[in-house]
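**Student:** First, the structure itself, so that you have it in front of you.
Taken together, the values in this text are just the output of simple stated rules run on the coordinates, not laboratory data. Keep in mind it's a predicted model, so treat the numbers as computed, not measured. When we count neighbours, we look across all protein chains shown, and the Cβ atoms used for this are built from the backbone with ideal geometry, even at glycine.
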């Protein structure tokens, strides 16, 4: 079993279900993505560049996007936590996930993947 898969499977509920649902949305939305385990969390790469990562923290799961500062659509759903470059979608239950919003954010992340990281 790959380390990223082991991370997901060792999460307690509801976090495991949230992560698995987000991973499914990533797989159907982002072509040629690669799920790796770095810095103790699953990170999605495309073209050897990080696209987003999934982190279970406290009582929620974050889907964090590297180039979210460039996003133009649905940005009101993103949590910044005083981060300049990265922003996230945050979920406490599977029912709270709006697939259309996640897919739109993934499409934006995929579109901006070729841009260098902002300073």
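**Student:** At 7 Å along the Cα-to-beta-carbon direction for both residue 48 and residue 9, put a label point, then send me their distance in nm to one decimal.
**Tutor:** If labels sit at residue 48 and residue 9, their model points lie 3.0 nm apart.
**Student:** Next question, about the same structure. Evaluate the relative contact order of segment 11-58 (contact order divided by residue number), counting alpha-carbon pairs under 8 angstrom at least 6 apart; express in whole percent. Before the final figure, lay out the partial values.
**Tutor:** On the way: 37 pairs, mean separation 11.1, N = 48.
Once normalised by length, the contact order is 23 percent.
**Student:** Right, here's the next one. So what is the 222 nm mean residue ellipticity for the chain from helices alone, if each DSSP H run of at least 4 adds -39500 (n - 2.57) and you divide by all residues, rounding to the nearest 500 deg cm²/dmol?
**Tutor:** For the chain, the value works out to -9500 deg cm²/dmol.
**Student:** Roughly how many whole Å is it from the C-alpha centroid of segment 1-27 to that of segment 45-119?
**Tutor:** Segment 1-27 and segment 45-119 have Cα centres spaced 16 Å from each other.
**Student:** Which whole-number percentage describes the relative contact order of the chain, with Cα contacts under 8 Å and a sequence gap of 6 or more?
**Tutor:** Numbers: 179 pairs, mean separation 29.2, N = 119.
Taking the mean separation of contacting Cα pairs over the length of the chain, I get 25 percent.
**Student:** While we're here: Give me 1, 105, 41, 86 sorted ascending by neighbouring Cβ count inside 10 Å, so fewest comes first.
**Tutor:** On the way: 1 8, 105 25, 41 16, 86 20.
The most exposed by this proxy come first: 1, 41, 86, 105.
**Student:** Per residue, how much space in cubic angstrom lies within the convex hull of the C-alpha atoms of segment 3-111?
**Tutor:** Details: hull volume 10.8 nm³, N = 109.
That works out to 99 Å³ per residue.
**Student:** Once you've got the GNM for the chain with C-alpha springs shorter than 10 Å, pick whichever of 69, 109, 96 has the biggest mean-square fluctuation.
**Tutor:** Maximum fluctuation in the GNM of the chain, among the listed residues, is at 96.
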